[in-house]
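**Student:** Take a look at the following structure, please.
The values are calculated or read from the model by the stated rules, or taken from the named source; none is laboratory data. What you see is a predicted model; the values in this text were computed from it and never measured. Here the Cβ is made from the backbone with ideal geometry for all residues, glycine too, and neighbour counts use every protein chain on show.
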């Protein structure tokens, strides 16, 4: 896969109209990193909402329905709400992205998306079969660990065993995001999605069904339409290696995700 040098990406962004780079407010910085490894978000009060650099209330944020949303990516003191940055235009998001500490990671995702979209008009049966096999393998591994350790599939201890505390002689069972059909991590069904591009969640009976979400590190992107189009939510799990939100409706994204990349 080719990569675009950051300088070239910067030049291409600067050619876009109405970027207004100097007008975007930087991410709020915490005084100290969070001491916890897990951060869960259960209500709108756990977030601080912004639109195009202006702090707004939750109801106004939902009415605005931003085209790009960024969750995380900044150090937040324990007990402080997580910033949620909304952008009403893609150009505004790109202007923020190029100045952010996560510019290279976001750039890599945008390149991966462009590469994936080349196959949008193909039949893609081979990709469907291979991804289905990967998902089956991951689910079997999780159920095997659940039975071995006597832990529920949603138990955080099981997730630890499947990731950080996995057997060093084999690959971790879980290196992924988890989409849940119900709020509060109700697994009926849920999907353990590895680090891949999934352009159509309908291939796995999860189109427009995700209501809660967990992420093990890195960057992930939920998209409103298939093939990574439409409004998008960027989850940047830094500095928190394990992020979860029990109701995607808080972000205006309940039962909306049709594609995901992690």
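**Student:** Please note which helices (runs of 4 or more DSSP H) are completely contained in segment 103-164 and include at least 3 residues that are modelled with pLDDT of 95 or more and surrounded by 13 or more Cβ atoms within 10 Å (Cβ to Cβ).
**Tutor:** Working: elements: 103-117, 125-149, 156-162.
Once the helices (runs of 4 or more DSSP H) in segment 103-164 are filtered for at least 3 residues that are modelled with pLDDT of 95 or more and surrounded by 13 or more Cβ atoms within 10 Å (Cβ to Cβ), what remains is 103-117.
**Student:** OK, next. Would you mention how many residues in segment 75-86 are touching a strand residue (DSSP E or B) at 6+ places or on another chain (Cβ under 7 Å) and either in a loop (DSSP other than H, G, I, E, B) or surrounded by fewer than 17 Cβ atoms within 10 Å (Cβ to Cβ) (or both)?
**Tutor:** Result for segment 75-86: 2.
**Student:** Would you pick out the residues in segment 87-102 that are surrounded by fewer than 15 Cβ atoms within 10 Å (Cβ to Cβ) and either closer than 16 Å to residue 233 by Cα or touching a strand residue (DSSP E or B) at 6+ places or on another chain (Cβ under 6 Å) (or both)?
**Tutor:** The answer is 88, 90.
**Student:** Within segment 185-206, how many residues turn out to be closer than 25 Å to residue 85 by Cα and in contact with a helix residue (DSSP H, G or I) (Cβ under 6 Å, 6 or more places away or on another chain)?
**Tutor:** 2
**Student:** Can you pull out every residue in segment 176-199 that is at pLDDT below 75 and in contact with a strand residue (DSSP E or B) (Cβ under 6 Å, 6 or more places away or on another chain)? Lay out the reasoning, then the answer.
**Tutor:** Let us first name the residues in segment 176-199 that are at pLDDT below 75, namely 188-189, 194-195.
Residue satisfying the conditions is 194 alone.
**Student:** Still on this structure, I have one more. Consider segment 189-221. How many of its residues are in a strand (DSSP E or B), closer than 14 Å to residue 132 by Cβ and in contact (Cβ under 8 Å) with a residue 60 or more places away in the chain?
**Tutor:** Within segment 189-221, the subset in a strand (DSSP E or B) is 190-194, 197-198, 212-216, 219-221.
Within this subset, residues satisfying the condition of being closer than 14 Å to residue 132 by Cβ are 191-194, 198.
Subset that is in contact (Cβ under 8 Å) with a residue 60 or more places away in the chain: 193-194, 198.
Residues that pass the stated criteria total 3.
**Student:** Identify, please: which residue in segment 50-74 is touching a residue at least 60 places away in the same chain (Cβ under 8 Å) and more than 16 Å from the chain's Cα centre (by Cα) and is, among those, surrounded by the most Cβ atoms within 10 Å (Cβ to Cβ)?
**Tutor:** Checked segment 50-74; the qualifying residue surrounded by the most Cβ atoms within 10 Å (Cβ to Cβ) is 61.
**Student:** For residue 233, all conditions in the list (1) modelled with pLDDT of 90 or more; (2) touching a helix residue (DSSP H, G or I) at 6+ places or on another chain (Cβ under 7 Å); (3) surrounded by fewer than 21 Cβ atoms within 10 Å (Cβ to Cβ) hold save one; what is the number of the exception?
**Tutor:** (3)
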